[in-house]
Amino acid sequence: MENKNKKINHIAIAVPDIKEAALKWQQALNMKKSEIMILEEHGVKVVFLEFSNLKIELLEPLDNESPISKFLEKNPKGGMHHICFEVEKITETINSLKNKKINILGDGNPKIGAHDKPVVFLHPNDLSGTLVELEET
Ligand code: CO
């Protein structure tokens, strides 16, 4: 990756009930909580909880078609879903990943994510079973 800063933007956790989970996280660790947002294109409800150096993203599926639904079938209480890294130029990064045989999920093109910025997801089979999101910043 040509990205120089290599910052983590957030860690995402899939949850069955986003309202309940957001309150739990907020109260347990005194975190600042955002409003719950609906991202139709990604099939999820999202809320962010903030630490000074990290955001936690909670995800609840909108319906059974959501990619988060399958994950929750295997992990009914919820669980860690993905890590999001910031990159400077997402198109360049995608091209360089293709050369390194790391597959991009979906059609391989960036979609607009929760921060109104382009994002892509990398195939977990290519990165130690871990789903990685890249966000252009
Ligand atoms: Co994310």
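What follows draws every value from the coordinates through simple rules; no lab data is involved. Please read all numbers here as calculations on a predicted model, not as lab measurements. Cβ sites come from the backbone with ideal geometry, for glycine too, and all protein chains shown count toward neighbours.
Structure summary
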quantity	calculated
Antiparallel DSSP beta bridges within the chain, percent to nearest 5	70
Per-residue Cβ neighbour rank within 10 angstrom, fewest leading, Thr93, Thr130	Thr130, Thr93
Residue-averaged 222 nm ellipticity for the chain, from DSSP H runs of 4+ at -39500 (n - 2.57), nearest 500	-6500 deg cm²/dmol
Between helix 90-99 and the chain: long-axis angle, C-alpha atoms, 0 to 90°, nearest 10	60
Longest segment of the chain lacking GluC sites (Glu not before Pro) that sit in a DSSP loop with at most 16 other Cβ atoms within 10 Å	89-137
Tensor-based shape of segment 79-125 (alpha-carbon gyration tensor, a/c under 1.5 rounded, otherwise prolate or oblate)	oblate
Residues His42, His123 arranged by fewest to most Cβ contacts within 10 Å	His123, His42
Charge dipole magnitude, Cβ of K and R +1, D and E -1 - segment 1-125, Cα centre, debye nearest 20	540
Relative exposure of Asp116, Asp126, judged by other C-beta atoms within 10 Å (fewest first)	Asp116, Asp126
Segment 1-96: C-alpha gyration tensor shape, a/c 1.5 cut-off, then a/b vs b/c	oblate
Helix axis angle, 18-29 relative to the chain longest principal axis, alpha carbon, degrees	90
